[in-house]
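Worksheet: one structure, shown below.
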Amino acid sequence: MKQKSAVCIAIIFALTSFAPAAPKPRAGREQNIAQAAEAIRAKLIEQRRDFHMHPELSNREERTSRIVAERLRALGLDEVKTGVGKYGVVALLKGAKPGPVVAVRADMDALPIQEINDVPYKSQTPGVKHACGHDVHTTIELGVAEVLSKMRGEISGTIKFIFQPAEEGAPIGEEGGADLMIKEGALENPRPSAIFGLHTAGSDIGQIEYHSGPAMASSDRFAITIRGKKSHGAQPQGGIDAVVVAAECVTALQTIHSRRINPLEPLVITVGTIKGGDRFNVIADEVRMEGTMRTLNEEVRSRAQKLMRETLAGVTAAYGATFDLQFDSPNPVTYNDPRLVEETLPTIRRIVGAANVLSPKPFMPAEDFSYYQKVIPGFFYFLGVGNKAKGLTPAWHTADFDVDEESLVLGVKVMANVLLDYLDRHATNK
């Protein structure tokens, strides 16, 4: 009997050894997400085109906000709050299992740019266009909400969906954007332990770009007023020429980076507009200049602001002029938490393939996603939407910006897996 038992055990062992292994739960979930995202492909394209045809400027996203809220309510999300930070929408999706809270953010506003693309979904609002991909961001986040709303049993915790207005900057004299949403409680009740976001990129479809640490620059809009003294253009000795002083100031400001800041530290000081003078034969008594300052280091940012004041004071004093310098519309450095990046990359590589996950150098455009990152750890990555074969080489803030809409499905797949994997890693019931 013992010999027979031993033979039976050996046979059973052999059979089970060669039996196919049961799929891991995560692999099965990943497949379910992929199928669900593919199933809503047409809906994603339709929704993105609708947003693209009806763009709205910063702090004016009434229609976009209304559609987002309606979609989220129809999906049965647990809470849908509107009017956060003017037209912001915040919603919760509570999972069936206990766990932490994680947030995902999309921006909704468009730009004051006239579209020149001859496409069926061309902007119907004169002088306004989604030229930075915010229509893509909003559509993808709605797609993630739809896919995950049907997978509550797979969610260990809660997902907070944040749809934000005015990322491009509130109109002068108004508050708006991420800073205002935070002030009005977007990150409270409950507070997420981390936040994720994505942005379109000109890289090829199928690729994801990321940075660990500094990703995008701080930005400070500045206004400089140079005040001199009027006189006849043929008798300059009687006045103080604000135009000449302003020209000296522009040149001198460029020496801040070239001579007074470590050259290995990125810094851009750009004077974008100069306006002054009343008449061709009158010495101007006032010139106003506006520009932007960008850096990837908060210490450099603070020092450069101080040096700008010192430089302007010295130049204007040499000519007997005076100046006023104001900083406005600040954005901190977009800083991806290195630990959060490191633990998230395996998920992204699993979805798109390691060869399609790229890490270029940080660049100098700015993002107010950085405000969320000042409160909680955040990871802001970039979704390739370009396709050279289709003639799509998108550059942000241009009249011919457009995207390969195949990127919508991939964007949903990646973000949905990123959120669920984060919750799994940090679940309290492991």
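The values are calculated or read from the model by the stated rules, or taken from the named source; none is laboratory data. Just so you know, these numbers come straight off a predicted model, no measurement behind them. No Cβ is skipped: glycine too gets one built from the backbone with ideal geometry, and neighbour counts run over all protein chains shown. Remember, those area values only see protein heavy atoms, side chains included, never the ligands or the DNA or RNA. Shrake-Rupley method; radii C 1.70, N 1.55, O 1.52, S 1.80 Å.
With R₀ set to 30 Å, the beta-carbon distance separating Val375 from Ile172 gives a calculated FRET efficiency near 0.70. Taking the chain as a Gaussian network of alpha-carbon nodes connected by springs under 10 Å, the highest mean-square fluctuation of the residues Ala145, Ala399, Ala318 belongs to Ala318. For the chain, a Gaussian network of Cα nodes joined below 10 Å ranks Val385, Val89, Val352 by mean-square fluctuation, and the top entry is Val352. When the solvent-accessible area of the chain is split by element, carbon and sulfur atoms take up 55 percent of it, the probe being 1.4 Å. Length gained on full extension, Ala389 to Arg63: 114.0 nm, using 0.36 nm per residue less the C-alpha separation.
Surface calculation, 1.4 Å probe, protein heavy atoms: Ile224 sits at approximately 0 Å² accessible.
A 1.4 Å probe run over the protein chains yields, for the chain, 45 Å² of accessible area per residue, whole-number rounding. Among Gly85, Gly173, Gly206, which one moves the most in a GNM of the chain with springs linking Cα atoms closer than 10 Å? It is Gly173.
Helical runs assigned H by DSSP (4 residues or longer) give the chain a calculated mean residue ellipticity at 222 nm of -11500 deg cm²/dmol, each run adding -39500 (n - 2.57) before division by the residue total. The chymotrypsin sites (Phe, Trp or Tyr not before Pro) of segment 299-404 that meet both conditions, a loop assignment by DSSP and at most 16 other Cβ atoms within 10 Å of the site Cβ, are Trp396. Taking each of Lys81/Lys122; Lys86/Lys160; Lys160/Lys374 in turn, the alpha-carbon distance tops 20 angstrom for Lys81/Lys122. Counting only the backbone N, which residues of segment 143-159 are under 13 Å from the spot 7 Å out from the Cα of Ala39 toward its beta-carbon? Backbone N within reach: 146-152. Couplings 3J(HN,Hα) of segment 38-54, computed from phi: 5, 5, 9, 3, 4, 5, 4, 5, 4, 5, 4, 5, 5, 4, 5, 6, 10 Hz, in residue order, whole Hz [Karplus 6.51 cos²θ - 1.76 cosθ + 1.60, θ = phi - 60°; x for Gly and Pro]. Size descriptor for the chain, Kirkwood hydrodynamic radius: 24.1 Å (Cα pairs only, one decimal).
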